[in-house]
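Written below as structure tokens is the structure these notes are about.
The values are calculated or read from the model by the stated rules, or taken from the named source; none is laboratory data. Keep in mind the model is a prediction, meaning the values are calculated, not measured. Positions of Cβ are generated from backbone atoms using ideal geometry, with glycine treated the same way; all protein chains shown enter the neighbour counts.
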Amino acid sequence: MFEGLSNRLGEVFDRLRKRGALSESDVAEAMREIRVALLEADVALPVVKDFINAVKEKAVGQEVVKSISPGQMVVKIVHDHLVEMLGGTVQTLELRAAAPVVVLMVGLQGSGKTTSTAKIAKRFKDKERKKVLMASLDVARPAAQEQLRILGEQVGVDTLPIIAGQQPVDIAKRALQAARTGVYDVLMLDTAGRLSIDEELMLEVAAVRDATSPAETLLVADAMTGQDAVNTARIFHERVTLTGIVLTRIDGDSRGGAALAMRAVTGQPIKLIGVGEKMDALEDFHPDRIAGRILG
Ligand code: GDP
């Protein structure tokens with residue numbers, strides 16, 4: 001992941017690091033190259049502009065630290081700002097609400113929503129020793145509920161028994177009741193996806209949210225769709241107020257634009273990343289590690 005950006009920036013920074021003294025034009029040239037590299041990584045232009053301006057501002061105001069070369073200093077400024085743009089610190093899921101804590105999973109079809117629901121449920125069970133119930137509210141896609149049931153069996157997490165013909169809000173209410181009577185710690189709700197954002201989908205998600213008061217409303221977005229993933233997140237956040245993003249298919253995303261711009265555009269943190277199809281291919285999103293990986 002991030003190969004393209006990492007290679008491009010690696011070259012720029014190698015050159016900077018080797019220089020003893022930096023002229024203004026060296027820095028300007030480096031900024032130009034960073035700008036091109038970010039645009040090639042599919043980061044939206046306004047985000048790139050803000051990034052470059054912020055880095056320039058910091059670089060100008062900075063006193064030269066004796067122990068590091070000017071080149072290293074620019075690298076450090078870029079690194080620190082990249083970490084900031086990625087969200088700063090690791091953001092964990094909020095599980096402190098009264099049980100059952102509801103986690104609502106939303107997103108477009110094919111984004112990896114059902115897979116991520118099961119991955120997160122498994123993580124709660126294994127790492128936090130939580131008793132988890134999952135329910136699929138996807139009545140639009142045949143076999144969606146069955147898909148979650150099979151994944152539940154695979155990861156050893158209970159799923160709500162399927163009742164054919166029941167509508168999403170009713171399933172959600174039944175799930176909440178089952179979670180209460182079964183003394184579950186966490187209830188994960190996997191909502192229906194659509195191929196694109198439409199009014200019906202938004203109304204459905206909002207109705208489920210109102211019926212269940214989730215502690216987390218997580219948008220699942222496919223990193224490989226780049227700026228589309230960011231726009232999807234922005235629109236979902238406007239309509240249903242997200243608490244975080246799960247960015248999937250990071251493993252196949254060589255450009256990294258969605259990961260880079262998500263926080264800046266939506267104001268929402270990436271909380272988890274999907275790094276493969278397997279049920280344990282889920283990681284916390286560490287801005288510093290990602291920045292380190294990009295800058296080499
Ligand atoms: P949904 O329609 O949003 O529920 O999508 P699914 O959960 O059914 O996922 C669609 C496909 O993406 C499946 O084949 C998953 O195995 C795959 N998938 C999900 N997350 C990841 C990921 O992080 N990396 C990779 N490589 N594949 C993923």
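Among the residues of region 207-221, is there at least one that is part of a helix (DSSP H, G or I), of a type in the set (A, V, I, L, M) and either without any contact (Cβ under 8 Å) to a residue 40 or more places away in the chain or within 16 Å of the ligand (Cβ to nearest atom) (or both)? Before the answer, list the steps.
The first filter runs over region 207-221 and keeps only residues part of a helix (DSSP H, G or I), leaving 207-212.
With of a type in the set (A, V, I, L, M) added as a condition, the list becomes 207-208, 211.
If we keep only those that are either without any contact (Cβ under 8 Å) to a residue 40 or more places away in the chain or within 16 Å of the ligand (Cβ to nearest atom) (or both) as well, we get 207-208.
For region 207-221, residues part of a helix (DSSP H, G or I), of a type in the set (A, V, I, L, M) and either without any contact (Cβ under 8 Å) to a residue 40 or more places away in the chain or within 16 Å of the ligand (Cβ to nearest atom) (or both): present.
Here are some conditions: (1) in contact (Cβ under 8 Å) with a residue 12 or more places away in the chain; (2) within 24 Å of the chain's Cα centre (by Cα). Y184 meets all but one. Which one does it not meet?
All conditions pass for Y184, except number (2).
Given the criterion more than 16 Å from the ligand (Cβ to nearest atom) and over 18 Å from I273 (Cα atoms), identify the matching residue among Q91, Q166, Q154.
Q166
For the list (1) at pLDDT below 95; (2) outside any loop (DSSP other than H, G, I, E, B); (3) within 19 Å of Q227 (Cα to Cα), I need the number of the one condition that D288 fails.
(3)
Counting only residues that are β-branched (V, I, T) and at pLDDT below 90, which one in region 44-72 is nearest to R15 (Cα to Cα)?
Step one: list which residues in region 44-72 are β-branched (V, I, T), which gives 47-48, 52, 55, 60, 64-65, 68.
With at pLDDT below 90 added as a condition, the list becomes 55, 60, 64-65, 68.
Details: V55: 18, V60: 19, V64: 18, V65: 19, I68: 15 Å.
Among those that are β-branched (V, I, T) and at pLDDT below 90, it is I68.
What pairs come out if I take residues in region 237-259 that are without any contact (Cβ under 8 Å) to a residue 60 or more places away in the chain and pair them with residues that are of a type in the set (S, T, Y) and assigned to a helix (DSSP H, G or I) whose C-beta lies under 7 Å away, six or more apart or interchain?
From region 237-259, the pairs are H237/T266.
Of everything in region 87-100, what is at pLDDT below 90 and either surrounded by fewer than 12 Cβ atoms within 10 Å (Cβ to Cβ) or closer than 19 Å to A261 by Cα (or both)? Give them in sequence order.
Result: R96, single match.
Of all residues in region 130-146, which are among the basic types (K, R) and either modelled with pLDDT of 95 or more or within 16 Å of L160 (Cβ to Cβ) (or both)?
First pass over region 130-146, keeping only residues among the basic types (K, R): 130-131, 141.
Result: K130, K131.
Looking at I250, I235, can you tell me which residue is β-branched (V, I, T) and within 16 Å of the ligand (Cβ to nearest atom)?
Details: I235 fails: within 16 Å of the ligand (Cβ to nearest atom).
Just a single option satisfies the conditions, and that option is I250.
Looking at (1) over 17 Å from L219 (Cα atoms); (2) surrounded by 22 or more Cβ atoms within 10 Å (Cβ to Cβ), which is the only condition E84 fails?
Tallying (1) over 17 Å from L219 (Cα atoms); (2) surrounded by 22 or more Cβ atoms within 10 Å (Cβ to Cβ), E84 fails exactly one: (2).
A quick yes/no check of all residues on (1) near the ligand (Cβ under 9 Å from one of its atoms); (2) part of a helix (DSSP H, G or I); (3) among the aromatic types (F, W, Y); (4) on the phi > 0 side of the Ramachandran plot:
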| residue | (1), (2), (3), (4) |
| --- | --- |
| M105 | yes, no, no, no |
| A118 | yes, yes, no, no |
| M134 | no, no, no, no |
| E146 | no, yes, no, no |
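Tally up the residues in region 253-296 that are more than 16 Å from the ligand (Cβ to nearest atom) and in contact with a helix residue (DSSP H, G or I) (Cβ under 8 Å, 6 or more places away or on another chain), please.
18
Can you pull out the residues in region 258-285 that are of a type in the set (D, E, K, R) and assigned to a loop (DSSP other than H, G, I, E, B)? I'd like the intermediate steps shown before the answer.
Within region 258-285, the subset of a type in the set (D, E, K, R) is 263, 271, 277-278, 280, 283-284.
If the condition is that a residue be of a type in the set (D, E, K, R) and assigned to a loop (DSSP other than H, G, I, E, B), then E277, K278, D280 are the ones that fit.
Do you know which residues across region 245-271 are crowded, with 24+ Cβ neighbours inside 10 Å, under 29 Å from V155 (Cα atoms) and within 9 Å of the chain's Cα centre (by Cα)?
Matches in region 245-271: I245, V246, L247, T248, A258, A259, I270.
When the residues of region 1-30 are filtered to those that are small (G, A, S) and loosely packed, with under 13 Cβ neighbours inside 10 Å, which remaining residue is nearest to the chain's Cα centre (by Cα)? Before you say what the answer is, go through the steps one by one.
Step one: filter region 1-30 for residues small (G, A, S), giving 4, 6, 10, 20-21, 23, 25, 28, 30.
Adding the requirement that they be loosely packed, with under 13 Cβ neighbours inside 10 Å leaves 20-21, 23, 25, 28.
On the way: G20: 39, A21: 39, S23: 38, S25: 36, A28: 32 Å.
Ranking the qualifying residues of region 1-30, first place goes to A28.
Quick check on my filter: what residues within region 178-205 are surrounded by fewer than 20 Cβ atoms within 10 Å (Cβ to Cβ) and modelled with pLDDT of 95 or more? So that I can check it myself, show each step before the final result.
Applying the first criterion (surrounded by fewer than 20 Cβ atoms within 10 Å (Cβ to Cβ)) to region 178-205 yields 178, 180-183, 185, 194-200, 202-203.
Within region 178-205, A178, R180, T181, G182, V183, D185 qualify.
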